[in-house]
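Enquirer: Structure below; questions to follow.
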Amino acid sequence: MQLINQSEIQKRIDRLKDQELYIHLELTMGAYAAHLDSSKHSASTFITNAVIQYSHGSISGEGPYRIGLKMSQGWVYSEGLTHYEESETDRLIMAGHDSQGKLIVSLQLSREPF
Amino acid sequence: MHEEMKNSVERHILVVLPHPDDEAFGVAGTLAKHIQNGTQVTYACLTLGEMGRNMGIPPFANRVTLPEIRKKELEASCEAIGIQDLRMLGFHDKMIEFEDQDLLDSQIDALLKELNPSLVVTFYPGYSVHPDHDATGAAVIRTVERLPKAERPPVHCVAFARNTEQEIGKPNVIIDVKDFLKPKMASIQAHKSQFQAAELVGSKELNDEEIQARFGTEHFWIYPFK
Ligand SMILES: [Zn+2]
């Protein structure tokens, strides 16, 4: 994974618009968040291989980045993205890692199921 | 450098902010003061704040009911201030910065054309902390800037980023709203799901003097169009 290059991500978002895509969207604090710090409340969630289509999408922020994808009936939103996989040119693989390198958030889009 | 409000009786103020409750802390007193002077106020609120995380304590709202609850709170807040014309534009909370800019600008432009406001109030782009605030201010500035110079209403911006004064200087409009704390506090309290007593006034009850010090003035930066 490489640090996000904003204009490169925008190009890839534009390339994937107006078509059916499989999405993986995940947010996780890690299962031990509450264990390590009792003031924290563990929560995580993901959805994988749901089918979406967006007509308009963009990346915003100065890093970590935010992404919003506008669909005909709703939105996909993700905040805290820091890295992407440069070598994956057909799919968009992005994630946000914290200062210890742990994954906190991921947003992936693909024409084929994950 | 303070602009005296007596010298500027506004005919029609257009307020453009993204969230129900944005009007409460920063502009409610100023609007109530203008309204008492006979000014018409149109408030275009871009979203229903439906992604807010405050659900009341104990929670009386959920993700499904929050939009309707916040809509009612917004209406109550506007009534407290005396705002005559509330427009809910129906954009999605948190998504303003990603919205189709042409769509956003065209709705703001339509309001400018319809109302021909003598003053516009919004957030200062880049100095308003929440991405929706910055994106709303940016859309307003873009749209007003497109008007011919002679037709541009002045734009007064609210800003509260930590680096604001360092980068753009002190506010150039300071409004004393001590006589309008009743509608202002009622506007704040209308947003029941968002403001808990403790968050609002700290852990202890504020006396009148403290309320005046904390809520008695409102600050604006006049946007410097080129
Ligand atoms: Zn807000």
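Enquirer: Taking the Cβ of B:PRO125 as the centre, find all other residues whose Cβ is under 12 Å away and add up their charges (Lys, Arg: +1; Asp, Glu: -1).
Expert: With Lys, Arg at +1 and Asp, Glu at -1, the net is -3.
Enquirer: Would you please give the residues with an amide H less than 5 Å from that of B:TYR43, counting only those at least 5 places away or on a separate chain, with H modeled from the backbone geometry?
Expert: The list, which skips near neighbours in sequence, is B:VAL15, B:ASP85, B:LEU86, B:ARG87.
Enquirer: How many Cβ atoms of partner chains, on average, are near each residue of B:87-98 if near means within 10 Å of its Cβ?
Expert: 3
Enquirer: Same structure again: What residue among B:ILE96, B:GLN84, A:SER78 has its Cα farthest toward the positive end of the dipole of the protein assembly as shown, where the charges are +1 on Lys, Arg and -1 on Asp, Glu, each on the Cβ?
Expert: So the residue furthest toward the plus end is B:GLN84.
Enquirer: Can you compute the charge dipole magnitude of the stretch A:2-110 about its Cα centre, using +1 on each Lys and Arg Cβ and -1 on each Asp and Glu Cβ, nothing else charged? Give it in debye, rounded to the nearest 20.
Expert: So the dipole magnitude of the stretch A:2-110 works out to roughly 180 debye.
Enquirer: Rounded, prolate or oblate, given the Cα gyration tensor of the stretch A:69-114, with a/c below 1.5 counting as rounded?
Expert: In terms of gyration-tensor shape, oblate.
Enquirer: Give a quick list of chymotrypsin sites (Phe, Trp or Tyr not before Pro) in the stretch B:17-88 that DSSP marks as loop, anything other than H, G, I, E or B, with at most 13 other Cβ atoms within 10 Å.
Expert: B:PHE60
Enquirer: Further question on the same structure: Given H placed 1.01 Å from N in the peptide plane, which residues other than close sequence neighbours of A:LEU81 have an amide H under 5 Å from its amide H?
Expert: Amide H neighbours of A:LEU81, under 5 Å, 5+ apart: A:TYR65.
Enquirer: If you don't mind, there's one more thing I want to ask. Would you list, by chain and number, the lysines whose Cα falls below 16 Å from the Cα of B:LYS178, excluding same-chain residues fewer than 8 positions away?
Expert: The reachable lysines, counting only those whose Cα sits under 16 Å from B:LYS178, are B:LYS6, B:LYS33.
Enquirer: Percent antiparallel among DSSP beta bridges with both residues in chain B, to the nearest 5?
Expert: Of those bridges, close to 25 percent are antiparallel.
Enquirer: Of the residues B:VAL155, B:VAL121, B:VAL129, which exhibits the maximal mean-square fluctuation in a Gaussian network model of chain B defined by a 10 Å Cα contact cut-off?
Expert: Among B:VAL155, B:VAL121, B:VAL129, the largest GNM mean-square fluctuation belongs to B:VAL129.
Enquirer: Tally Lys and Arg at +1 and Asp and Glu at -1 over the other residues with C-beta under 13 Å from the C-beta of B:SER106: what net charge comes out?
Expert: Once positives and negatives cancel, what remains is -3.
Enquirer: A further question follows. Taking the dipole about the Cα centre of the protein assembly as shown, with the C-beta of Lys and Arg at +1 and of Asp and Glu at -1, give me whichever of B:PHE180, A:ALA34, A:LEU109 is farthest to the positive side.
Expert: Toward the positive end, the furthest listed residue is B:PHE180.
Enquirer: While we're looking at this one, here's another question. Based on DSSP H runs of at least 4 residues, each adding -39500 (n - 2.57), what is the mean residue ellipticity at 222 nm of the protein assembly as shown after dividing by all its residues, to the nearest 500 deg cm²/dmol?
Expert: About -8500 deg cm²/dmol.
Enquirer: Give, rounded to the nearest 20 debye, the magnitude of the charge dipole that chain B has about its Cα centre when Lys and Arg contribute +1 at Cβ and Asp and Glu contribute -1 at Cβ.
Expert: Charge dipole of chain B: 140 debye, to the nearest 20.
Enquirer: Let me ask you something else. Could you tell me which trypsin sites (Lys or Arg not before Pro) in the stretch B:18-77 are loop residues by DSSP with no more than 16 other beta carbons within 10 angstrom of their beta carbon?
Expert: Counting only loop positions with at most 16 other Cβ atoms within 10 Å, the trypsin sites (Lys or Arg not before Pro) in the stretch B:18-77 are B:ARG53, B:ARG63.
Enquirer: Excluding same-chain residues fewer than 8 positions from A:LYS11, which aspartates and glutamates have a Cα within less than 18 Å of its Cα?
Expert: A:GLU20, A:GLU62, A:GLU85, A:GLU86, A:GLU88, A:ASP90, B:GLU97, B:GLU99, B:ASP100
Enquirer: Could you work out the local net charge near B:LYS226, counting Lys and Arg as +1, Asp and Glu as -1, over the other residues with Cβ closer than 15 Å to its Cβ?
Expert: Charge balance in the 15 Å sphere: +3.
Enquirer: Enumerate the helices in chain B for which the Kyte-Doolittle hydropathy averages -1.0 or more and the C-alpha atoms extend at least 18 Å along the helix's axis, using complete DSSP H runs.
Expert: Result, helices passing both filters: B:66-81, B:101-115, B:131-146.
Enquirer: Another question, then. Amide H to amide H, which residues 5 or more places from B:ARG11 or on other chains are under 5 Å from it, using H placed in the peptide plane?
Expert: Under 5 Å from the amide H of B:ARG11 lie the amide H atoms of B:SER118, each far enough along the sequence or on another chain.
Enquirer: Assuming a ≥ b ≥ c are the square roots of the Cα gyration tensor eigenvalues, decide whether chain A counts as rounded (a/c under 1.5), prolate (otherwise, with a/b larger than b/c) or oblate.
Expert: Note, shape of chain A comes out prolate.
Enquirer: In whole Hz, with x marking every Gly and Pro, tabulate ³J(HN,Hα) for the stretch B:84-92 from phi via Karplus 6.51 cos²θ - 1.76 cosθ + 1.60, θ = phi - 60°.
Expert: 8, 9, 9, 10, 9, 7, x, 6, 8
Enquirer: Something else now. Set Lys and Arg Cβ to +1 and Asp and Glu Cβ to -1, take the dipole of chain B about its Cα centre, and tell me which of B:ILE69, B:LEU17, B:ASN207 lies farthest positive.
Expert: B:ASN207
Enquirer: If the cut-off is a Cα-Cα distance under 20 Å, which lysines reach B:LYS71, setting aside same-chain residues fewer than 8 apart in sequence?
Expert: Straight-distance partners of B:LYS71: B:LYS94, B:LYS184, B:LYS192.
Enquirer: Now, a different point. Can you list which of the trypsin sites (Lys or Arg not before Pro) found in the stretch A:21-114 are DSSP loop residues with at most 15 other C-beta atoms within 10 Å?
Expert: A:LYS40, A:LYS102, A:ARG111
Enquirer: Relative contact order, percent, of chain B when contacts are C-alpha pairs under 8 Å separated by at least 6 residues?
Expert: 28
Only the coordinates and a few stated rules stand behind these numbers; no lab work does. None of these values were measured; they are calculated from a predicted model. Virtual Cβ from ideal backbone geometry, glycine too; neighbours counted across all protein chains shown.
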